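In what follows, a structure is listed as structure tokens, so that the remarks can point back to it.
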């Protein structure tokens, strides 16, 4: 009886080990835009790579994207590491003229665990290098202001965002990439988005996106 129990226990442990090694999650979310990418009949002029702020932009202002031949490729909650992994599928393979990169706030929110600001910049720089190698012009953006993450209350993001933006701006200047400073135009005295531009202090509403569109189009055109 003891041998049988031991055998069953070992078999269960082996099964659990196999299950633990079997991937069950599309970590980079390749599936999110796979069908949309296949259905494109013409190359977009600009692809927007980002997180929920970019995803909501295309959702709240679809006419901005349609009228300008833009493609939104934002995924809620994503960090710069995840964006880098799917950059080929969701940007390079679409053959745009330009890419607008807005990344970093979810890294600061620890969505995939701790990461230093230099490593966040490394991920952004790697996306830029991939774009440049494939003759895609790069436009870098500041991280938007945010006073507090409701899903991560232990983090105080406002000063960290300013520090990351300084790194991004310096990198853009060094490489000669256009830099769109949303942060300076949209922040309040607490380092977050004002109530008239955001329902939660982090994510823009339509009025917030109109400001972003004005600033971005000045650079794109």
Counting helices only, and only those DSSP H runs with n ≥ 4, report the 222 nm mean residue ellipticity of the chain as the sum of -39,500 (n - 2.57) divided by its residues, in deg cm²/dmol to the nearest 500. -15000 deg cm²/dmol
Can you quote the Å³ per residue value for the convex hull of the Cα atoms in the chain, rounded to an integer? 157 Å³
Only counting other Cβ atoms within 10 Å, I'd like 195, 143 sorted with the fewest neighbours first. 195, 143
Using C-alpha positions alone, give me the convex hull volume of the range 117-219 per residue in cubic angstrom. 110 Å³
Given the Cα-Cα distance of residue 218 and residue 66 and 0.36 nm per residue of separation, how much length would full extension add, in nm? 52.9 nm
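Could you order the peptides 153-161, 121-129 from most to least packed, using the average number of other C-beta atoms within 10 Å per residue? If you can, show how the numbers build up before the last one.
Values: 153-161: 15.0, 121-129: 19.3.
So the order, starting with the most tightly packed, is 121-129, 153-161.
How high is the FRET efficiency from residue 88 to residue 190, r the C-beta distance, R0 35 Å, rounded to 0.05?
Here the calculated transfer efficiency is 0.35.
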I'd like the distance separating the alpha-carbon centroids of the range 41-105 and the range 150-191, in whole Å. 19 Å
What nm value, rounded to one decimal, do you get for the distance between residue 116 and residue 59 when each label is placed 7 Å out toward the C-beta? 3.5 nm
Once residue 31 and residue 205 are pulled to full extension, the length gained, defined as 0.36 nm per residue separation minus their Cα-Cα distance, is 60.0 nm
In what order do 40, 130, 197 fall by count of nearby beta-carbon atoms within 10 Å, going from fewest to most? 40, 130, 197
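Bear in mind that the values in this text are calculations on the coordinates, not laboratory data. The structure presented is a predicted model; accordingly, all values stated were derived computationally and were not measured. All Cβ positions, even for glycine, are placed from backbone atoms using ideal geometry, and neighbour counts span all protein chains on display.
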